[in-house]
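A.B. asks: Quick one: the structure is below, questions incoming.
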Amino acid sequence: MFNKLLMGTAALSLAASMAFAAQGVRFNVAEGNMEEAYNKMVNEQIESIGYILSDPHERINDGYAEKYHGSNLDNLGFMSITNDEALRTLLIKEPRIAGFAPFNLHVYKLKAEDKTYVGHVTPSTMMDIVGVKDKAIRKEYAAMFPALDKLVQDKIGGKVEYIEYDKLTANPMMNFEIKFDRPDDLNDFIDEFQEKFEEKFEDKKYIIAGYKNFRESYDDLEQDFSKYDAFWVYSLCHFSFSESVFNRNDNATVDGRPDAGVFAPCSMYMYIEKDSNTLVVGMPKLENWIAVMGIKDATKVASIHKLDAEIISMMKELGATVK
């Protein structure tokens, strides 16, 4: 399904020597149907390494099969995870990291082959997309992943394979600012904006697939996050769009790309720094799917560009300025 690079000393040395190729997505590819082992891992075992599962979306393929006349998938799941403890100091230093917080520990299996794929976007690619260049921050962020990868190897097993890409799109992020008159109670603005935001996106058939409030989470943990008066992340999905990219139904003329589901749902972060009157918004463009996953089908490419343009348009309608 994709170009493979097996993990090993020789392979990693080769990857390091090929400056034109970057490892974009890591998958464990295990023989057989590993759905039960995967579900146990994310629901019962992932907290042992500091990760928290939020807003799980299991067996999305069942919805595709019911609504779109079939599916070539035995399994497709989006499991949004974060390591809240490790993220706190990083988010204080660099809020753009929230473009992949949460991120998807993706699982899928095709009916046509007896293999299960479990994986995630590599931390280096995440940081490249959101635009973090500070080496110390990148190193600290990447340090969260060896424990996760070891857990997947222990519980899922299989060969480790990478999807490689040549380069990212020139502008991989959507960035916005919304100026507002700050009320005595900031929650008045937040509640009104969130209501308008959710109504607008839902009217356009987007699904609010998740919501994570980092400010409230760290307040509950009694950990300092006072740089921000508010900080939350929406996980966004568009069901018919995602089906057209990930699934191969009875009416499809080209194969689906369930591996691209590693980018779903999309994280759109929003924060207000202490005493500020500016809501800062950021989200990785769906165009990154084309670059990292090597999507070539013209119909899929066009639909990806259409959603990027639509999201930007809706944010402008909400009063956002593109930065």
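Every read-out reported here was derived from the displayed coordinates using simple, explicitly stated rules and does not represent laboratory data. This is a predicted model, so every value here is computed, not measured. Glycine gets a Cβ as well: all are built from the backbone with ideal geometry, and neighbour counts include every protein chain shown.
A.B. asks: If you scan segment 280-300, which residues turn out to be over 19 Å from Ile163 (Cα atoms) and of a type outside the set (Ser, Thr, Tyr)?
C.D. replies: Scanning segment 280-300 gives Val280, Val281, Gly282, Met283, Ala298.
A.B. asks: Could you pull out every one of the strands (runs of 3 or more DSSP E) wholly within segment 228-323 that has 3 or more residues that are over 19 Å from Phe103 (Cβ atoms)?
C.D. replies: 228-238, 278-284
A.B. asks: Exactly one of (1) in contact with a Pro (Cβ under 6 Å, 6 or more places away or on another chain); (2) within 30 Å of Lys167 (Cβ to Cβ) is unmet by Phe189. Its number?
C.D. replies: Every listed condition holds for Phe189 apart from (2).
A.B. asks: Would you say Leu151 is within 18 Å of Ala37 (Cβ to Cβ) and either crowded, with 23+ Cβ neighbours inside 10 Å or of a type in the set (A, V, I, L, M, F, W, C) (or both)?
C.D. replies: Yes, satisfied.
A.B. asks: Within segment 30-65, track down each residue that is surrounded by 16 or more Cβ atoms within 10 Å (Cβ to Cβ), more than 25 Å from Leu87 (Cβ to Cβ) and small (Gly, Ala, Ser).
C.D. replies: If the condition is that a residue be surrounded by 16 or more Cβ atoms within 10 Å (Cβ to Cβ), more than 25 Å from Leu87 (Cβ to Cβ) and small (Gly, Ala, Ser), then Ala30, Ala37, Gly63, Ala65 are the ones that fit.
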